Amino acid sequence: MKRIVPIVLWVLVALLAACTPSVEASRCLEGPTQRLSAIDSLMWQRPDSALTLLLPWFDDCRDVACNVYTENDNGNSEDVARYVSADAEYDRHYANLLLSELLYKNDSAQTNRQELLQAVAYFDSLSAGTRGASLQVFCRRDAPRVSANRPSIAFLSARSHYMNGVGYYENDSVVPACQEYMKALDIMQDHFEEKELVGHKAQFMALVYTRLTDLFSRLYLHEQTVYFSRQSLSYYKKQNVPIWYLSRMLCEIGAQYDMLEQLDSADIYYQKAVSLLNDTNCLLYKDLAARQSFLSYKKRNTTENSLKQLYKLIGLANSEMEYLSRCLTIGGVFYYEKRYDSAFLYLDKVFHETTNDASKKQATEWLVEICKIEGRGEQAFEYAEYLAPFANQEENQSAIKSQLTELYKNYSQNNLEQIHKQEKKKSQKWAVPIVGGLLTLILILILFLHKNKKRKKRLEVQIKEEQYTHDVQQKALSGRLKKSNETLREALKQIEKHEDRLENNKHSQEACIGREQYAAFIEAPICQEILGRVDQLHSDKRTAIKTDSDISEYKAFALSATQLVVLSKTVDEFFPCLYPSLKKKHPDINQKDWRFCLLYLLQLDKMSISIMLQESYHTCRRYTLKLERVFQCKHGLTAFLLEEAKAL
């Protein structure tokens, strides 16, 4: 006992020592000069002045203009080759990162792309294994430690990835740019807690989320755009930013809900955005007013009030682009009101005068529809010719959208993991006092047990007596084992019967699940559309459709090829094994046979199917008999398909 107490005390001392910060963390390593740190601080408020101060670091920089070009002996402009005059590797990479950021903030293209890539790798190597380590520990050996108001290694690593993403985006590499933006966010969230993301870090987070908002918004990925807009908004609120920053992000969220036809949500965010703006003459305020007017028309069909407001806004336009934007909105109202002559005047003006691709594309789509309705074939061809390249562009963007959606999914998963990590680290802070308390309790228990040693001996004697009594009882019980075994056999039989009942219940539940799945299939949009069309077809009870009727008279009720494809995909979605199973058993069935099967699966009659497919009633009957013969249907083709669908 005397040996145990010192051991426990030594364990407590070792535990406390392990939690004490190491002195090694304060060693002085090579780090940035005060000059670079000062330029970094200035960059967040005055990027133009910061660029002017940074350029002397580059020995061969002759032109201090934003695009930084020089002339060779032949008088041709070419990029200046830059290199950092500082000898220290850290200063070289730090200065190149600052140069890349300042060129971007001064609306200039990256001209030190290779040096930036080297800086990314360098800061990543320093960032590995650190967590928010301030650069105050990286001081020069030959100089006193300077101000601690410097970015951390992890912050520089995140900034380098962000600027690498900007470079990719400038070269139209959208997916790599998105990967770098998300990498920057991952680094920040991995190395800093939420309460540490203030000041320049909060400004940086808002900047990254805003870039992601614009990136996903241009590709009409609404869910992701709303998420990144909200994140950007939360970080803007941490800073003393101009109020229109907040209004702009609220407007972006409202626009996404507007495109998703979630009009109530869009209206709420538009109202929040407008309430923040005091200047009613600024472009953002007038854009919001135009959006609200169009939204009011869509929600409440207030045509005249909306047009009155839009006419007022078009009179307040301060530029040609603003004027054409209002023309597009007014043309849209007239288009939805089917006042095509008025719509054509506004939309044609937008088509011929605007330089905004999105506005021109929207106006052209409406103009094509107007020309089709009014029989303007030549003009429709002219507008459709403009839209042709966009079809290929949308096909190319579909792959990019798929990749970006997967990136967002992975980012969301990683974000959840980061939150879990942070929660785990918070819980670990309480580990030391908890473990110390447990060890203290153990020590008290040991002392308590030592004082009760004699009582333990008495307990041992008592246990022996109870053991003897137990042995006697055990011998008495051994004679009852046979009866117990018989009882056990009976219990096993009861269990088997119970399992049989459970198996039967399982089959019943599976049948119930099949009925629920078929009910969900019937509720699918395409199924409801077809069934509604059938109801409309037979709505007039006075004129029954005869089997010898001319099918072409009901051409309006026929299904298009697109609708048949959507129906086929819907059946594959709800009953993925139905068609492969039938094809495997009956290889001779073709696509026309399958179309009949699709409509019989909706429990339609032969007359309705013949009208939907524009086949004569006798042709439909012949195909039905053929399929019943192939499938060997005992109770009709509809019953057979329903049984097959529910069974699978």
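The values are calculated or read from the model by the stated rules, or taken from the named source; none is laboratory data. Computed from a predicted model, the values in this text were never measured in an experiment. Cβ atoms come from the backbone with ideal geometry, glycine included; neighbour counts cover every protein chain shown. Each accessible area value is taken on the protein alone, full model and side chains, heavy atoms only, with ligands, DNA and RNA left out. Shrake-Rupley method; radii C 1.70, N 1.55, O 1.52, S 1.80 Å.
Some points to look at:
- Checking the Cα-Cα distances for Lys286/Lys349; Lys584/Lys626; Lys238/Lys401; Lys237/Lys308 against a 26 Å cut-off, the pairs over it are Lys238/Lys401; Lys237/Lys308.
- Listed residue (Gly377, Ala391, Leu407) projecting farthest to the positive dipole end of the range 372-415, Cβ model: Leu407
- Magnitude of the charge dipole, the range 520-648, Cβ model with Lys/Arg +1 and Asp/Glu -1, debye to 20: 380
- Global geometry of the range 563-648, whether rounded, prolate or oblate, following the gyration tensor of its Cα atoms and the 1.5 cut on a/c: oblate
- Burial ranking of peptide ranges 274-282, 606-614, 199-207 (average Cβ count within 10 Å, highest at the top): 606-614, 199-207, 274-282
- Where the range 546-601 is the region considered: accessible area per residue in Å², 1.4 Å probe: 56
- For the pair the range 363-397 / the range 546-598, the C-alpha centres are spaced 31 Å from each other.
- Simple spin-label estimate for Glu223 and Ile463 in nanometres, 7 Å along Cα-Cβ: 6.1
- Proximal charge balance of Tyr383 [Cβ under 14 Å; K/R count +1, D/E count -1]: -2
- The share of accessible area on the range 345-424 that comes from carbon and sulfur is 50 percent, using a 1.4 angstrom probe.
- Mean shadow area of the range 288-391 over all directions, Cα convex hull, nm²: 6.5
- Cα gyration tensor category, rounded, prolate or oblate, for the range 269-332 with a/c compared to 1.5: oblate
- For Lys424, the lysines whose Cα falls under 18 Å of its own Cα, not counting residues fewer than eight places away in the same chain, are Lys195.
- Carbon/sulfur fraction of accessible area - the range 551-648, other protein chains in place, 1.4 Å, %: 52
- FRET efficiency for the pair Asn410 and Ser265, taken as 1/(1 + (r/R0)^6) with r the Cβ-Cβ distance and R0 = 25 Å, rounds to 0.40.
- Residue ranges 48-54, 186-192 sort as 186-192, 48-54 when ordered by packing (mean number of other C-beta atoms within 10 Å per residue, highest first).
- Sorting the Cα pairs of the range 148-242 by distance into bins of 5 Å, from 0 upward, gives 3, 14, 24, 24, 20, 11, 3, 1, 0 percent per bin.
- Those residues of the range 374-413 whose amide nitrogen sits under 17 Å from the label point placed on Thr562, 7 Å along Cα→Cβ: 384, 387-388, 390-392, 394-395
- Label point distance in nm, Asp172-Gln614, each placed 7 Å from Cα along Cα→Cβ: 4.1
- Using a cut-off of 23 Å between Cα atoms, the listed pairs Lys312/Lys361; Lys298/Lys338; Lys555/Lys634 include Lys312/Lys361; Lys555/Lys634 as exceeding that distance.
- Computed lengthening from Glu553 to Arg113, 0.36 nm per intervening residue step minus Cα-Cα distance: 151.6 nm
- Net lengthening on full extension, Lys349/Glu378 (0.36 nm per residue, minus Cα-Cα): 8.7 nm
- Calculated Rg and Dmax of the range 216-308 using C-alpha coordinates, Å: 13.4, 42
- Gain in span if fully extended, Leu443 to Glu516, counting 0.36 nm per residue against the direct Cα distance: 20.0 nm
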